[in-house]
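Since the structure comes first, as structure tokens, the remarks are kept for the end.
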Ligand SMILES: C[S@@+](CC[C@H](N)C(=O)[O-])C[C@H]1O[C@@H](n2cnc3c(N)ncnc32)[C@H](O)[C@@H]1O
């Protein structure tokens, strides 16, 4: 039976209780907020000095940037946990899976996944780069795993997702959240997808959520022989400031041994 939408051990948003998961690319909402505040001050000043209309126009721009900042914060602090809970529900985990989270950061997905495992285990790999997520290092992720009561099911590795330190077919689930787009070179992104397929055992599944290049990932997964490759827009909860920067999920299955679909 698949887990409930909230995810076991999570709150109604699917966010594991006890962890502090940070803000993705924190300079973005900070910049949007500062621009909104600056325009608010300018707008109010213009209303006094230049009249109602120039002030109002500036305040409308301030509102726009403020809403973008709120949309971004909603997605990183709340929405991300909701759509990952849904994606993990759809994966119909049995609880005995061996999984890996590529670019796990502070463990938002790693820990949500670990909460759904009984005898299974999840490895997280990351370079622990701070600009990509606030307050992030391996110790913060270990702390979150402890605080959420899953440290016995989690292993953390430092490494690059383009050259995974794992054996062929080591995992039966590969997940990655908002990480692969950080690889600026197309060849590096392709290598990350090739590596994800390599470490997946026949019959295993891949779930990738990202803000860009997802069509590219879907094509490469198909070329790599993966089956049931699907690409879905995760909706308003995946907007990073607005509809111009949505999140999409790519899911795929590796055919079982002898080419039998999983
Ligand atoms: C925006 S954060 C997302 C973290 C986490 N997956 C989540 O959804 O909360 C992107 C993560 O990818 C990691 N990352 C970026 N490039 C990487 C690489 N080449 N190898 C390993 N990790 C990488 C960063 O250190 C960061 O933790």
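Details
- Output for segment 190-209, where each listed residue is within 10 Å of the ligand (Cβ to nearest atom) and crowded, with 22+ Cβ neighbours inside 10 Å: 192, 209
- Among residues of segment 164-175 being crowded, with 19+ Cβ neighbours inside 10 Å and within 12 Å of the ligand (Cβ to nearest atom), the one that is farthest from residue 220 (Cα to Cα) is 164.
- Residue check: residue 215 meets all listed conditions (1) surrounded by fewer than 15 Cβ atoms within 10 Å (Cβ to Cβ); (2) on the phi > 0 side of the Ramachandran plot but one, namely (2).
- Counting only residues that are surrounded by fewer than 21 Cβ atoms within 10 Å (Cβ to Cβ) and at pLDDT 95 or above, segment 116-141 holds 4 of them.
- Test: residue in segment 176-183 that is buried (at least 20 other Cβ atoms within 10 Å of the Cβ), in the same structural domain as residue 247 (by TED's automatic domain parsing) and more than 10 Å from the ligand (Cβ to nearest atom): no
The values are calculated or read from the model by the stated rules, or taken from the named source; none is laboratory data. Keep in mind the model is a prediction, meaning the values are calculated, not measured. Glycine gets a Cβ as well: all are built from the backbone with ideal geometry, and neighbour counts include every protein chain shown.
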